[in-house]
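A.B. asks: The structure follows.
What follows is calculated from the coordinates using simple rules that are stated; it is not laboratory data. Since the structure is predicted, the reported quantities are computational estimates derived from the model, not experimental observations. Using ideal geometry, Cβ is built from the backbone for each residue, glycine included, and neighbour counts are taken over all protein chains shown.
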Amino acid sequence: MKRKKSVSIDTASANFRNFVVTLSDRIGQHQIPVVRDAMHPNALISSEAVHYDLVKRIFRDIYRANHCYHLNASVSCHTTFDALGKVHAQLIDSDKTDIDQIGLLREIGEAAREFFEQHETDTPVPAAQKKSASITSFGQYSS
């Protein structure tokens with residue numbers, strides 16, 4: 001009798017699986033339907049997403065940009081926001097983009113910002129700058 005592999009979700013680290021699950025919990029399963037016990041990146045997002053092609057592209061691009069080779073690979077704040085910025089530029093340039101897709105991408109950007117603030121990845125921001133600096137949409141620091 002074969003036993004099904006169980007997948008543990010490490011909520012303490014900034015890894016790809018945790019990132020996607022956290023965003024799904026914040027934004028909603030209707031937008032980012034996660035298959036929590038997925039063993040492969042292609043199986044992590046269910047096809048039931050409202051904007052399935054967009055969501056699949058966003059997370060595929062983030063996965064590739066971060067050079068992930070498995071679902072528990074680390075993700076970087078700056079690399080992730082660079083990938084989101086590229087998707088944003090493609091959406092803006094496309095004739096097929098609707099306002100809901102832009103809204104979803106902005107929600108993902110805000111949820112990603114919160115995720116990385118919680119996990120404090122990449123180079124720490126000095127305390128003096130931390131008070132006045134915030135991550136804006138798509139990873140640019142502003143004061």
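A.B. asks: Using θ = phi - 60° and the Karplus relation 6.51 cos²θ - 1.76 cosθ + 1.60, list the HN-Hα couplings for region 55-60 in order, rounded to whole Hz, with x at every Gly or Pro.
C.D. replies: Computed from phi, the couplings for region 55-60 are 4, 4, 5, 4, 6, 5 Hz.
A.B. asks: Hey, rough spin-label estimate for residue 92 and residue 42, points 7 angstrom out along Cα→Cβ, what's it come to in nanometres?
C.D. replies: Inter-label distance under the simple model: 3.3 nm.
A.B. asks: So how long is each side of region 53-96 along the principal axes, counting just the alpha-carbon atoms, biggest first, in Å?
C.D. replies: Per principal axis, max minus min of the Cα coordinates gives 35, 20, 11 Å.
A.B. asks: When ranked by the protection proxy of mean other Cβ atoms within 10 Å per residue, highest first, what sequence do the peptides 45-57, 88-100 form?
C.D. replies: 45-57, 88-100
A.B. asks: Moving on. Quick query: amide H of residue 45 versus all other amide H atoms, modeled in the peptide plane; which residues come in under 5 Å with a sequence gap of 5 or more or a different chain?
C.D. replies: So residue 45 has HN proximity to 35.
A.B. asks: Also, I was wondering about something else. Rank the residues 115, 19 as a footprinting-exposure proxy: fewest other Cβ atoms within 10 Å of their Cβ go first.
C.D. replies: Neighbour counts put them in this order, fewest first: 115, 19.
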